[in-house]
Amino acid sequence: MKAMILAAGFGKRMLPLTAATPKPLLKVNDQSLIEYPIKKLAALGVTEIVINHAHLGAKIVAALGDGSRFGVSIHYSEEVEPLETAGGIANALTLLGDQPFILINGDIWTDMDLTSLRDIQLKGLGHLVLVNNPEHNVKGDFSMHESGLLTALDSGGKPGFTYSGMAVLSPALFARYNIHEGPLAPLLRLALADQQLTAQLHKGLWFDVGTPQRLLHVDALLRSRVK
């Protein structure tokens with residue numbers, strides 16, 4: 001099974017930190033954000049990882065190289081201009097192949113064991129990891145049926161959850177709806193309307209490290225955990 005880590009965003013909310021450093025290379029507990037998912041994937045036995053990049057992308061390539069020091073093989077999907085999430089994935093499909101792949105945002109931190117994603121047998125076109133809503137997204141993005149089916153946020157009064165930036169997607173998702181540009185959310189909403197997406201809820205630690213304040217918070221948390 002292959003994996004893709006999304007690393008092409010500019011990180012405007014992280015300015016001025018991202019003026020000279022791509023957001024995935026910002027460090028928490030002396031390790032860049034993107035190294036955490038790489039090491040988790042390597043521990044699972046996932047040996048081929050695709051990373052897209054745009055803003056200061058050469059620095060990502062220089063920092064990670066071919067992936068051999070992590071025990072994986074890294075392939076890069078360069079974007080002259082950021083293509084947003086769906087566009088970035090579609091642009092990398094030739095590297096990902098025709099089988100389902102693990103997708104992880106390069107600017108999150110979580111204590112989740114990714115084994116369930118490696119072992120998932122898709123019942124449709126994708127499987128998302130949801131988390132309880134953080135302060136910056138109190139309403140959530142989606143709901144979930146007891147059966148595990150992903151549903152719309154206003155579905156029958158069910159509680160809302162936030163998409164974690166972790167998923168397993170089938171390349172067929174992009175062929176079915178012919179969306180090869182823009183953000184991922186509209187594509188996911190089309191698929192859930194056709195009951196093609198399932199989900200699971202991660203109740204452990206998860207952070208969208210999208211601002212300097214959250215970066216400092218996660219850094220302090222991880223440093224306290226190793227004492």
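The values are calculated or read from the model by the stated rules, or taken from the named source; none is laboratory data. No experiment lies behind these values; they were computed from the predicted model shown. Cβ placement follows ideal geometry from the backbone for every residue including glycine, while neighbour counts extend to all protein chains displayed.
Starting from region 6-31, take each residue that is surrounded by fewer than 19 Cβ atoms within 10 Å (Cβ to Cβ) and list its partners that are among the aromatic types (Phe, Trp, Tyr), counting only C-beta distances under 7 angstrom and pairs at least six apart or across chains. Here the result reads none, with nothing in region 6-31 linked to a residue that is among the aromatic types (Phe, Trp, Tyr). The criterion of at least 2 residues that are modelled with pLDDT under 95 and among the β-branched types (Val, Ile, Thr) is met by none of the strands (runs of 3 or more DSSP E) falling completely within region 55-130.
Which residue, of Val50, Val46, is assigned to a loop (DSSP other than H, G, I, E, B), in contact with a strand residue (DSSP E or B) (Cβ under 9 Å, 6 or more places away or on another chain) and either modelled with pLDDT of 95 or more or closer than 19 Å to Gly165 by Cβ (or both)?
Numbers: Val50 fails: assigned to a loop (DSSP other than H, G, I, E, B).
Going through Val50, Val46 in turn, the sole match is Val46.
Residues checked against (1) of a type in the set (Gly, Ala, Ser); (2) surrounded by fewer than 17 Cβ atoms within 10 Å (Cβ to Cβ); (3) over 16 Å from Leu6 (Cβ atoms):
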position	(1), (2), (3)
Gly71	yes, yes, yes
Ile74	no, no, no
Glu78	no, yes, no
Glu81	no, yes, no
Ala86	yes, no, no
Leu96	no, no, no
Ile104	no, no, no
Ile108	no, no, no
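Note on region 1-33: among residues that are in contact with a strand residue (DSSP E or B) (Cβ under 6 Å, 6 or more places away or on another chain) and outside any helix (DSSP H, G or I), the one that is farthest from Gly71 (Cα to Cα) is Ala8. Among the residues of region 148-171, those that are assigned to a loop (DSSP other than H, G, I, E, B) and touching a residue at least 24 places away in the same chain (Cβ under 8 Å) comprise Gly148, Ala152, Gly160, Ser170, Pro171.
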